Ligand code: SF4
Ligand code: SF4
């Protein structure tokens, strides 16, 4: 059973604007050479802000099946 968020970035839709990298409150993303990378998925709180802010609908975040309720 997964207890961290699953983060999928559709590279075909991403235009590398870095909004997700800048606005994720938990700094989950790092910019790779061309596309963002979910470098710290274990820190994701599944707030889905990145999904909402991505202008190209390129991100899908699936919340953990067993969320860690103590995560701040
Ligand atoms: S869902 Fe929230 S915490 Fe998780 S990567 Fe997106 S913006 Fe960051
Ligand atoms: S916000 Fe969307 S389009 Fe912009 S870098 Fe992130 S995934 Fe790519």
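Any read-out appearing in this document is the output of simple, stated calculations on the displayed coordinates, not a laboratory observation. Since this is a predicted model, take the numbers as computed values, not measurements.
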*Rounded to the nearest 500 deg cm²/dmol, what is the calculated helix-only ellipticity per residue at 222 nm for the chain, with -39500 (n - 2.57) per DSSP H run of length n ≥ 4?*
-2500 deg cm²/dmol
_Global size of region 6-62 as Cα Rg and Dmax, reported in angstrom_ = 9.7, 26
*How much length is gained on full extension from residue 27 to residue 10, taking 0.36 nm per residue of separation minus their Cα-Cα distance?*
4.2 nm
*Please give the length that would be gained between residue 3 and residue 66 if that part of the chain were fully extended, namely 0.36 nm times their separation in residues minus their C-alpha to C-alpha distance (nm, one decimal).*
22.2 nm
*Mean separation of Cα pairs under 8 Å and 6+ residues apart, divided by the residue count of the chain: what relative contact order is that in percent?*
45
